[in-house]
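Take a look at the structure below.
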Amino acid sequence: MVYALLLQAIIIPIIAAPIAYYVARTMGSRAAAWFSFAVLLYSTIALLYSTTIGNPVYELYPWFPHQLSSGTSTLSTIGNFGLYIDGISAPFSITIYIICTAAALYSLPYMRHRISEQERESTFATIQRDGGTFSETEAEQERGERESPRLRSRFGLYFALFLLYSAGMVGTVLSTNLIELYFFFEFMLIPSYFLIAEFGYGSRGRISFMYLLWTHIGALLMLLSFLAIGTVGNNFVFLGSGALHAPSLGNLLPWVIFGIVVGLFVKLAAVGLHIWLPYAHAEAPTPISALLSPAMIGIGGYIIIRMFTLLLPEAYPEIGLGIAIWGVLTMFYGGIMALAQDDIKRLFAYSSVSQMGYIIFGIGTTTQHGIEGAVFQFVSHGTAKGILFMVAGIIIVQAGGLRSIKGMGGLSQRLPITATCAMIGFLGLMGFPETNGFQSEWLIFSGGLQQGSSGAGPLSNYWLLVSILAVISTIVTAAYSLWTMKRVFFGRLPESLSQVKEGSWYMLAPVIFLAAVTILLGVLPGLIDNYLVPTASTLTPPLLP
Amino acid sequence: MASCTDLIPFLVWIVPIGGGALSVLAARAGGTARNIVAVVASLVSALLATSLFFLGDFAPYTTTGRILDVQTLCGAQATWIAALNLRAGVLVDPLTVVLANVVAWVSFLIMVYSLGYMKGERNLTRYYFLMDFFIGNMLLLVMSDNFLQLFLGWEGVGYCSYALIGFWHTDEEKYWVGTPGDQSLNVPEAYSPTHAGMKAFIMTRAGDIAFLVGILLIFAYSRTFNFVSLYNQLHGSSNNWATSLSSVGLFVPSAILIFGGAIGKSAQFPLHEWLPDAMAGPTSVSALIHAATMVNAGVFLVGTVGPLYVAAFSTLSEVYPFFLTVAAIGAFTAFLAATQAMVSDELKKVLAYSTVSQIGYMMLGLGVAGLSVTSNFDFGFTAGFFHLISQALFKAGLFMCAGWLIHVTGSKYMSEMGGLRKDLKITFYSMLIVGLSLAAIPPFSGFWSKDSILAAANQAGGAAYVLFALGLITSLITAFYTFRMLGLIFWGPKSENLQRIGSNHVGSSNPNAQESPTTTAAAAGTGSEDHGGKHGLHEAPRSMWIPYSILAGVTVAIGVAAPIFLERDLGDLFSSYLTYWGITSVYSLNYLSDLLPISLSLALALIGAYIGYLGYIKRSLNLSVLVKSNSFLYSGYKFFYHRWYLNSIYYRLFAYPVEKGSRWLFEKFEEKVIDPINIEAPSFGGAVSSILRRIQTGIEEEYIFAFGLGIALLIIIFAYIGQI
């Protein structure tokens, strides 16, 4: 427990949230952005450093150690508050913080654009009455000078919620206790709900409420399962010292698994439970889309991995096959929906649905490679989709709120850096070698084909078929990726876009950074694998090697 | 190897990739610095590749056929993904080093050619970066010692191909491939560069995923991607990856899946349709990627896994289906593409079809090698690769000549050229030589390499006789379309287009003004703005003609050396190389015993050439009138011209249904079925609440009455339960 690094990584952003509000009120939006950036950067470094100390790193804090009731009572204690980072949770948590850190800076110009747009919307009547124009306030915004107290408080609210949201996500991933996990799981929901409700597009009130309801219902299903596990196993700790192992749930087991799978598949937006996602991701302010999609939804995958290795005494090929089929359906459905979209953010949202299919499939394979691939896929999708949503945001800011792909074209002539980064992001999505997308996808497919070539009865043949379908779905990904690239960046430049310029470095630098990470991890996947594989190979139940 | 010479085989492919990145930085210092960095990187890489023949550490391997798997960097173990026990490595053996040299030197010549050809274009930083990146990835592909690393290079070259086909991403009509307005089965047959690039990427991707599944199936049992380890496992125990895969019935499927990758990359039937449209890219790109190097990667792949498969089983029957598939697809594709080359008017498309066709020959050679392993594996193997080398050289030459012709005439159509042999002497003689090589006329290199493939097919016997016959017919067609191409360009009267250029003294200053007839006419009407040059039909600048005349010279040199020593030496080298893969057949080309197939093929080629001569050089036979007057011939012409309708069928079968289907599914299912849940669930809640709300009347008396009623109900219930 050196320096309580993990605790710092979570607590500091939470403590900093009200401070960010204060900073924004007193010193303006730029200061608040840099402040949030610094806080998140510190937390990211804390997590990165902790991975160099050991694998795993485990911190334990007294939380609820006392017995609830004496005697023969079943439930003795909720347990302690632990934080645990190992080869599985490290890629998740670090990716989340890296994207959050990048998005903090990115938020500055984007939210200037968005908040002033909102102000115009709300004060439209006033301005019309006074005969004023919009451009004055906007020009002021561009320079970042003399923001009105109202604007500053809006920024304060944004960055405070942003920090809470980030900490909530990482807290979920580092939890060692089912109740703690649930706590953080809801903790990330609330700020994100407000972020969409306050700063979103379209009918943001309705959409954010829908988002809240869907994920909350999912979370409640999960909570029911957690309570069943905790009460039967007489323990809520699932990682670290004194952790539960394969509690004998008996007839409850299928129901518990049902609750967890369905509850978390809502978060993962598996096909059938995905409907909240395109709305929420498309209508959230873009930096938040860049957190929702790359960082948040994949956490569902993380919890499923943890719960399956906790609950199931041995490998779970039958359940696994069902999950894998669901995963493949999700891949295809999301991909095909993405092909039909015209709104660029909605397209990326559906693409996220499709990409979550790979994580689901990887978990379903119940092989080491599959699990490793699923974890790696979270990272790959995180960087790729982070890039792409940010690219969409750059276009929105620079082209005056343009989101319809029909209105785009030839933008690589005006936005060469953005176009290059978008290409890298798409290549990552497509699982192109030399980007991290390939390094995750080959592991996932290898897991599936390992099941498929084992020659163990009819199940093996189903696996073979499902795995090949999964690989084929990458063609759908390639199709919508390249087609989007063509429609947005290639071809003739419409007259209306002939004056579009590259965005500020606040927006470009985070995108370039994520693009660099995408390629770095594609060429040197060992940076993740060497940490991930030793953990995955010691998971219980022992998986196929 | 204590010293750092073990870095050299790595540097062969790292240098161009690094050079590409460096050229982007150098672009800050100006275009010249950038070009120099890019070209020098390619030259250094070629020199390094050649040094592998001479350096003491490698020469014993490359010249005797032994296999060296370099997995060290300055003596230290090279790791890649340590946790998964995957190492980076390069193979140094005759196959990889010979191919690396062909790739690196042809690339260098094309980079030099690019200096002239791409001069004055915009976005050249992107061009040179991608070209260097391509070269590096291609060399990585060739030299990798394991499947995963090979796959990296494999997809890397695929990406460069996509990006360079779509280099002119603004999609102006002058950059399109195909004739606007052409369509079959209501599918347009002219494509913009970005469309063609996308088509290439997605179509080869279909092959690539088969490839990936294939190697992962092998990996499932072998737990290694390394070729040498895979081979060693075969001899380590009788229960190895090959027998295990075979026992679950997946051995041949996995082999054919891997071949699927080769089909996609090398544009073989049924994934050949992307290559003709890839001609939308700059001609230097067509020469490098779509003629000389990348498209041969599939042949290389078959040549890499073929020996492994042969070594895997003591009996032929296990691997026979695989090699028969390779040979049959090769022979059929050779014929299919050759028929299309006969009727195309676009110069680059003729060359593209002919590339597909020639690669088909190579596949035929490698395929028949495995049909009778003990007798002539080495022969077919050598023939396939010899043809790869000679095709790479003469086809790159053809494309480079074509690039200049298209530039100077301002048209991509052969019918808008004609009579150019006096005006462009260097181009004419260079193209004549490489063209005769394509037509397989002795003594040029193409004759020796192609005919040894046919001889190998003849030696294999059995089912291969059919393929041999197909190969013979294709040689006739090949010679015909080559003479047609040469005749249309260099003989006969000058076309109206050329007369206009000659009289106006207007050449095109933009080498890439590949204009359709309509735009050419428009340009002529509006004067010479598009053709800003002052010269008429003039010879290419030195940076362009030197590369292609070098290739013409090499074609002659190989053609002369082949029968004397080259072909036999190459055969002996590959033969001893294959011995290390456990294949001990004896290289057995004998010009006397193989006289029959060779003379047959030569005779047919001469017949084809003679028809082409009459029709397009002497012009005593008007073939177009003949074809149009005969309905059978004309429908055949249309069938070939529309690519056997395969292209249109693919669009109708895959592209359109997916596009329309996705929209249908979105509008009819997602929006009509899934979405309403979101709307219905809250409105259901609203409906329930509006009913329940009615009892909240706010009238005290009613509440008291309800309260009393409730108490009464509870008493009744409790009484009822109490009774039980």
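Miscellaneous remarks
- Column: log10 I(q)/I(0), Debye, Cα scatterers of the stretch B:1-166, q = 0.16 Å⁻¹: -0.89
- By the count of neighbouring beta-carbon atoms within 10 Å, fewest first, B:Ile389, B:Ile14, B:Ile441, B:Ile711 end up ordered B:Ile711, B:Ile14, B:Ile441, B:Ile389.
- Inter-chain Cβ neighbour average for residues A:467-474, partner chain, 10 Å: 3
- Assuming charge only on the beta carbon of Lys and Arg (+1) and of Asp and Glu (-1), the dipole of the protein assembly as shown about its Cα centre is about 2080 debye to the nearest 20.
- Here is how the number arises for the protein assembly as shown: DSSP H runs of 4 or more residues each give -39500 (n - 2.57), the sum is divided by the residue count, and the result at 222 nm is -23000 deg cm²/dmol.
- Note that chain B carries a Kirkwood radius of 27.6 Å, evaluated over its alpha carbons pair by pair.
- Contact order for chain A, expressed relative to its length and based on alpha carbon pairs under 8 Å spaced 6+ residues apart, stands at 15 percent.
- Checking every one of the chymotrypsin sites (Phe, Trp or Tyr not before Pro) in the stretch B:233-311 against DSSP loop status and a limit of 14 other Cβ atoms within 10 Å picks out no site at all.
- For the cross-link pairs A:Lys486/B:Lys412; B:Lys349/B:Lys422; A:Lys486/B:Lys638, the ones whose C-alpha atoms lie over 28 Å apart are A:Lys486/B:Lys638.
- Only Cα pairs under 8 Å and 6+ residues apart enter the sum, and on that basis the relative contact order of chain B stands at 13 percent.
- Whole-Å semi-axes of the ellipsoid equivalent to the stretch B:418-466 (Cα gyration tensor, √5λ, descending): 34, 10, 5
- For the stretch B:1-166, the relative contact order comes to 29 percent (Cα pairs under 8 Å, sequence separation of at least 6).
- Long-range tail of P(r) for the stretch B:1-76 (Cα pairs > 18 Å, %): 49 percent
- Estimated distance in nm for a label pair at A:Tyr462 and B:Lys638, the labels positioned 7 Å out from Cα along Cα-to-Cβ: 5.1 nm
- Test item: Cα-centred dipole of the stretch B:1-166, Lys/Arg +1 and Asp/Glu -1 on Cβ, debye: 540 debye
- Site-free segments of chain A were taken between trypsin sites (Lys or Arg not before Pro) in DSSP loops having at most 14 other Cβ atoms within 10 Å, sites themselves excluded; the longest one is A:147-491.
- Its residues counted as N, the stretch B:69-122 yields a C-alpha radius of gyration over 2.2 N^0.38 Å of 1.77.
- Over the stretch A:413-540, equivalent-ellipsoid semi-axes from the Cα gyration tensor in Å: 37, 20, 8
- Fewest-first ordering of B:Phe399, A:Phe265, B:Phe313, A:Phe35 by other beta carbons within 10 Å of each residue's beta carbon gives B:Phe313, A:Phe35, A:Phe265, B:Phe399.
- Taking B:Leu25, A:Leu443, A:Leu253, B:Leu371 and counting other C-beta atoms within 10 Å, the order from fewest to most: B:Leu25, A:Leu253, B:Leu371, A:Leu443
- P(r), alpha carbons of the stretch B:560-711 - 5 Å bins starting at zero, rounded %: 2, 6, 5, 6, 6, 6, 5, 6, 8, 7, 5, 4, 4, 4, 3, 3, 3, 3, 3, 3, 3, 3, 2, 0
- The local environment of B:Asn458, defined by Cβ-Cβ distances under 11 Å, has a net charge of -2 under the rule Lys, Arg +1 and Asp, Glu -1.
- Stokes-Einstein D in µm²/s, Kirkwood radius over Cα pairs - the stretch B:642-688 at 4 °C with 1.567 mPa s viscosity: 98 µm²/s
- Applying D = kT/(6 pi eta Rh) to the protein assembly as shown, where Rh is the Kirkwood radius over alpha-carbon pairs, T corresponds to 10 °C and eta to 1.306 mPa s, the Stokes-Einstein value obtained is 48 µm²/s.
- The trypsin sites (Lys or Arg not before Pro) of the stretch B:117-187 that DSSP puts in a loop, and whose beta carbon has at most 13 other beta carbons within 10 Å, are B:Arg122.
- √(5λ) per eigenvalue of the Cα gyration tensor, the stretch A:326-439, largest first, Å: 28, 16, 9
- Cα-projected label distance for A:Ser153 with A:Ala4, points at 7 Å along beta-carbon direction, nm: 3.4 nm
- Backbone amide hydrogens, once placed in the peptide plane, bring A:Thr367 within less than 5 Å of nothing, excluding anything fewer than 5 places away on its chain.
- Label-point separation, B:Val625 to A:Lys501 (7 Å along Cα→Cβ), nm: 6.6 nm
- Amide N proximity, the stretch B:417-437 versus B:Ala557 label position 7 Å along Cα-to-Cβ, cut-off under 16 Å: B:434
- With bins 5 Å wide beginning at 0, the percent of Cα pairs of the stretch A:395-444 falling in each bin runs 5, 19, 21, 18, 13, 12, 10, 3, 0.
- Across q = 0.11, 0.14 Å⁻¹, the stretch A:158-265 modelled as identical point scatterers on its alpha-carbon atoms has Debye log10 I(q)/I(0) values of -0.41, -0.62, in the order of the q list.
- Potential lengthening between B:Ser415 and B:Thr79 on full extension [0.36 nm per residue; Cα-Cα distance subtracted]: 115.3 nm
- Column: log10 I(q)/I(0), Debye, Cα scatterers of the stretch A:314-545, q = 0.18 Å⁻¹: -1.19
- Loop-located GluC sites (Glu not before Pro) in the stretch B:163-237, at most 16 other Cβ atoms within 10 Å (DSSP): B:Glu172
Computed from the coordinates by the stated procedures, all read-outs in this text should not be read as laboratory data. Being a predicted model, the structure only gives us computed values, none of them experimental. Positions of Cβ are generated from backbone atoms using ideal geometry, with glycine treated the same way; all protein chains shown enter the neighbour counts.
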